[in-house]
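Data first, discussion second: the structure below is written as structure tokens.
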Amino acid sequence: MYNSMTRRREPLEVRDPGRVGMYVCGPTVYGQLHIGNFRCFVVFDTVARFLTAEGYTVTRVQNFTDIDDRMIERAQREHTTVAALAERYIAHYHEEAEALGILRAQVHPRATEHMDAIIRHIQGLVDSGHAYEVEGDVYFDVLSFPRYGALSGQRLDEIEAGARIEVDERKRHPADFALWKHWRPGEPSWPSPWGQGRPGWHIECSAMAETYLGMDFDIHAGGHDLIFPHHENEIAQSEAWHGGRFARYWLHNGMLTLKGAKMSRSEGNVMQVSSLRQRYAPQVLRLFLLSAHYRSPLVFSEELLQSAASAWARLDEAYGRLTVQGQAEEGAQALDRRLLEAARLAHENFYRAMRDDFNTADALAGVFDLAREINTSMGPGVGAAATRRLRGALREFAGVLGLEFTDPGELEPHFAAMIRQRELARGRRDWAEADRIRDELARAGVLLEDTAQGVRWRRA
RNA sequence: GGCGACGUAGCCAAGUGGUAAGGCAGAGGACUGCAAAUCCUUUACCCCCGGUUCGAAUCCGGGCGUCGCCUCCA
């Protein structure tokens with residue numbers, strides 16, 4: 001898998017055999033989340049699912065940033081408290097995440113619930129000379145950490161030259177960043193050795209990652225836009241205090257763009273998951289997000305979602321064919337063998353692709369290949385054992401990708417009776433009656449397909 | 001100005017040295033009472049110009065273009 005730190009693909013070598021500790025930078029919960037935010041969570045949920053399928057015990061930690069400038073600003077504007085705002089949008093996250101099939105992380109820590117660890121960490125940095133206090137603010141001293149810039153490739157003199165940083169005369173270097181911010185009227189605050197105040201943005205992730213995963217944990221993941229300064233600063237804070245390595249592998253997903261620019265809450269060019277969900281099945285949204293490699297930028301468009309919807313229908317219908325057919329005691333040997341071979345090949349291709357830096361787009365190709373084989377060969381003559389194997393294979397692939405097939409269930413008896421009536425009508429070439437019944441069933445959500453092997457039904 | 005990514009068919013997209021997966025859309029065909037679904041066939045000067053190599057979409061150099069970061073950001 002590709003490691004942003006080394007800019008190379010590397011084999012996964014975990015700290016503790018059989019275990020993967022993974023920290024995903026979560027959202028700041030000041031408002032609705034958009035599909036671009038969720039690309040990250042879907043991608044790394046898929047990574048976690050895959051690593052689990054590979055036999056690792058995965059501990060995923062995904063935080064909520066529930067105290068920062070925007071939260072304070074939004075709370076004041078809405079005449080509510082920061083805490084209430086956080087509760088509302090954490091619930092919002094969970095609702096949308098569940099709809100998208102994102103598994104709960106083992107831990108969803110919140111910054112405000114880890115003040116002790118945060119303050120201890122800042123104190124450690126102050127004590128070891130990596131941070132300094134100015135008028136109740138505490139800043140990290142980037143010049144005290146020689147490796148600063150290793151992840152992002154930024155050089156301190158260039159950062160200075162960039163001149164996009166507002167000059168704060170109190171800081172020793174323009175790139176020094178706040179670990180602790182002094183209290184101002186109307187803001188939530190916590191007591192600290194430097195007076196009432198609140199943590200800066202980056203320190204919470206260091207403190208929480210260390211709390212739950214320790215140093216030198218396996219995978220630190222997040223959006224590509226977090227590389228600098230957020231992740232760079234996390235590394236500096238953690239490694240300056242503890243020494244050693246903060247995280248082994250850094251994974252960054254590409255941005256989702258809309259109208260030629262990164263989808264961003266501050267830019268306003270967003271598509272809310274909540275509104276997309278009204279028009280597209282969660283599997284469709286997920287398939288769309290996984291249709292490109294996770295590190296590539298991805299363009300959002302309705303056309304692509306339509307395309308994903310058609311693609312998902314293809315897979316779902318192939319799966320449906322497995323549930324309503326293939327019940328023969330003794331299957332046609334040649335056909336069974338052919339299908340089992342297709343399943344074996346799909347399995348091989350799927351996992352090879354996923355092992356290659358989580359190449360979901362490539363992995364999906366194997367799934368579609370299997371779907372075509374099912375569409376070609378599946379019929380009443382296929383044995384039950386082979387059918388079960390195919391169903392298991394498809395469900396396994398879907399499970400790794402976080403997709404769930406529609407289970408058509410048993411056909412209700414009165415629908416079955418209607419289908420039999422229609423067959424009788426067709427037998428006497430009473431097309432008007434046959435079409436009438438078909439239309440009625442369609443309105444009830446049961447679609448009929450007349451095939452060479454007989455009539456087949458599926459749900460709309 | 002600095003750091004980084006990307007440019008493959010109408011659209012999306014995989015493919016890191018041996019003449020191009022997969023999906024969507026289109027066209028033609030098969031099947032069908034019709035419909036739907038499905039299957040088959042079909043569409044690529046791999047951004048441009050040089051270079052390395054027996055051989056390059058893949059490596060190197062130079063362009064052009066798009067995007068991200070350098071400020072809150074998944």
Notebook entry, point to check: Does any residue of region A:59-70 turn out to be surrounded by fewer than 21 Cβ atoms within 10 Å (Cβ to Cβ) and out of contact with any helix residue (DSSP H, G or I) (no Cβ under 9 Å at 6 or more places or on another chain)?
Noted result: yes
Next item on the list: Could you list, in sequence order, all residues of region A:377-413 that are at pLDDT 90 or above, over 25 Å from the mean Cα position of the chain (by Cα) and loosely packed, with under 15 Cβ neighbours inside 10 Å?
Entry: A:388
Next item on the list: Note down all Cβ pairs under 9 Å where the first residue falls in region A:1-30 and is without any contact (Cβ under 8 Å) to a residue 40 or more places away in the chain, the second is within 16 Å of RNA strand B (Cβ to nearest atom), and they're at least six residues apart or on different chains.
Entry: A:6/A:249; A:6/A:250; A:7/A:153; A:8/A:2; A:11/A:1
Check: Of all residues in region A:278-294, which are crowded, with 16+ Cβ neighbours inside 10 Å and not aromatic (Phe, Trp, Tyr)?
Finding: A:281, A:282, A:283, A:284, A:285, A:286, A:287, A:289, A:290, A:292, A:293
Check: Within region A:84-91, can one find any residue that is within 29 Å of residue A:154 (Cβ to Cβ) and more than 16 Å from the chain's Cα centre (by Cα)?
Finding: no
Checklist line | Residues of region A:2-20 satisfying the condition of being under 19 Å from residue A:225 (Cα atoms) and surrounded by 13 or more Cβ atoms within 10 Å (Cβ to Cβ) | finding: A:2, A:3, A:4, A:5
Next item on the list: Having 3 or more residues that are in contact (Cβ under 8 Å) with a residue 12 or more places away in the chain and away from RNA strand B (no atom under 13 Å from the Cβ) is the bar; report the helices (runs of 4 or more DSSP H) wholly within region A:345-460 that clear it.
Entry: A:384-401
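The values are calculated or read from the model by the stated rules, or taken from the named source; none is laboratory data. In this text the structure is predicted, and so the values were computed from the model without any measurement. Reconstructed Cβ throughout: ideal geometry from the backbone, glycine too, with neighbour counts over all protein chains shown.
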